[in-house]
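Undergrad: So that we are looking at the same thing, I have put the structure below in structure tokens.
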Amino acid sequence: MSKSRAGEAYDLIAANVRGVIRGKPEVVRLAVAALFAEGHLLIEDVPGLGKTTLARCLARSIGGKWSRIQFTPDLLPGDITGVTVYHQKDEKFAFHPGGVFSNIVVADEINRGTPKTQAALLEVMAERRVTVDAVGHEVPQPFLVVATQNPIEMEGTYRLPEAQLDRFLMRISVGYPDLQSEVMVIMGDCAGVSADDLSPVVDIPMLLDAIAEVRAGHLDQAVCEYAARITAATRGHSAVRFGASPRGSIALVRAAQAIAATESRQFVTPDDIKDVAVPVLAHRLVLTPEAEMNQRGAAGIVAEVLASVPAPAMNHAGR
């Protein structure tokens, strides 16, 4: 099968990122899929596993503008959105853009910012624009937030509210590497190999073509019904207080379209839905107090839902 435009872009970006992120092909695949779906990505894991490195590798692989915002307790909302400043010499107000005015924004350790500062991202993540002093300002297209955070129970962090979590298309974890991959990471670090060494391999027009191709992928009604049944099942699960919303259903299908595009397929299968169900839905579930006390995980609940919802029968063309 010949490579599609999105398939070519995926191969270039994934190979570039894997030069630094060793032994994590599925993590890289999901991260690039979020990029192709033009959805925001949350990378959550304990310190030292390469969350920020992965985010920077993604940003450096694209030929557009990228910026990094280091979230700290003293970071202000205006540092993110920008501020309006009065210039006495010109006798007029001028808008000074903040850190979100880039194609890819790396929001590092996002849960170390205060809730007020975290909320500065709500509008731009949903609408790709910011409003400062009642004036709207569009951010560049495409626009993607790649955020990292340490687990919420660690000291000095502020839990992201559900409304903000829901704006992330996917939440993924890097996880510990196997022995051989860790050895390669050590050798690479000692040799000075880092995300700073990466050069862009895909320009903005090629990325926009890939995004458009993903959006144009064939969607059978049976696949959309399957996604809707899965999200509906999360709402009826006994361990879930609030299940995934219709936005979760849309995210599930969009992410599945992007996963199909990484394989140069123009159609989505039920297996694509299954592949992205946990990273797309787990962070959208609010568990019951009893489930939290029993230390039940949202990922396990999504797996239970997948096992309980029958997948539709599809042919090789996704129909």
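The values are calculated or read from the model by the stated rules, or taken from the named source; none is laboratory data. Just so you know, these numbers come straight off a predicted model, no measurement behind them. Note that each Cβ is placed from the backbone with ideal geometry, even for glycine, and that neighbours are counted across all protein chains shown.
Undergrad: Just to be sure before I move on: is residue 72 in contact with a strand residue (DSSP E or B) (Cβ under 6 Å, 6 or more places away or on another chain) and among the polar types (S, T, N, Q) in the structure I sent?
TA: Numbers: in contact with a strand residue (DSSP E or B) (Cβ under 6 Å, 6 or more places away or on another chain): no; among the polar types (S, T, N, Q): yes.
Here the answer is no, as residue 72 does not meet what is asked.
Undergrad: From the list 287, 207, 252, which one is closer than 21 Å to residue 168 by Cα and free of Cβ contacts under 8 Å to residues at least 40 places away in the same chain?
TA: On the way: 287 fails: free of Cβ contacts under 8 Å to residues at least 40 places away in the same chain; 207 fails: free of Cβ contacts under 8 Å to residues at least 40 places away in the same chain.
After applying the criteria, what remains is 252.
Undergrad: Please determine whether any residue of region 176-190 is part of a strand (DSSP E or B) and closer than 29 Å to residue 276 by Cα. Quick ask: steps written out before the conclusion?
TA: To start, the set of residues in region 176-190 that are part of a strand (DSSP E or B) comprises none.
No, there is no match, as no residue in region 176-190 is part of a strand (DSSP E or B) and closer than 29 Å to residue 276 by Cα.
Undergrad: Quick test of your reading of the structure: residue 158 fulfils all but one of (1) buried (at least 20 other Cβ atoms within 10 Å of the Cβ); (2) at pLDDT below 95; (3) aromatic (Phe, Trp, Tyr). Name the failing condition by number.
TA: Tallying (1) buried (at least 20 other Cβ atoms within 10 Å of the Cβ); (2) at pLDDT below 95; (3) aromatic (Phe, Trp, Tyr), residue 158 fails exactly one: (1).
Undergrad: Another question about this same structure. Kindly indicate the residue of region 37-52 that is over 22 Å from residue 256 (Cβ atoms) and not hydrophobic (A, V, I, L, M, F, W, C) and also surrounded by the most Cβ atoms within 10 Å (Cβ to Cβ) among those meeting that condition. Reasoning before the result, please.
TA: Keep residues of region 37-52 that are over 22 Å from residue 256 (Cβ atoms), which gives 45-52.
Applying the additional criterion that residues be not hydrophobic (A, V, I, L, M, F, W, C) yields 45, 47-48, 50-52.
Values: 45: 19, 47: 10, 48: 8, 50: 22, 51: 24, 52: 18.
So the residue we want is 51.
Undergrad: Same structure, new question: Given the residues 302, 280, 268, 286, which is the only one that is closer than 24 Å to residue 159 by Cα, of a type outside the set (Gly, Ala, Ser), touching an Asp or Glu at 6+ places or on another chain (Cβ under 8 Å) and not assigned by TED's automatic domain parsing to the domain that holds residue 44?
TA: Values: 302 fails: touching an Asp or Glu at 6+ places or on another chain (Cβ under 8 Å); 280 fails: touching an Asp or Glu at 6+ places or on another chain (Cβ under 8 Å); 268 fails: closer than 24 Å to residue 159 by Cα.
Residue meeting the stated conditions: 286.
Undergrad: Looking at 97, 115 in this structure, which one is within 28 Å of residue 48 (Cβ to Cβ) and surrounded by fewer than 19 Cβ atoms within 10 Å (Cβ to Cβ)? Outline the logic, then answer.
TA: On the way: 97 fails: within 28 Å of residue 48 (Cβ to Cβ).
Residue meeting the stated conditions: 115.
Undergrad: How about region 114-150: which of its residues are in contact (Cβ under 8 Å) with a residue 24 or more places away in the chain and small (Gly, Ala, Ser)?
TA: 119, 120, 126, 147
Undergrad: Looking at region 14-36, which of the residues that are basic (Lys, Arg) and under 24 Å from residue 191 (Cβ atoms) is surrounded by the most Cβ atoms within 10 Å (Cβ to Cβ)?
TA: Step by step, filter region 14-36, then rank; the result is 24.
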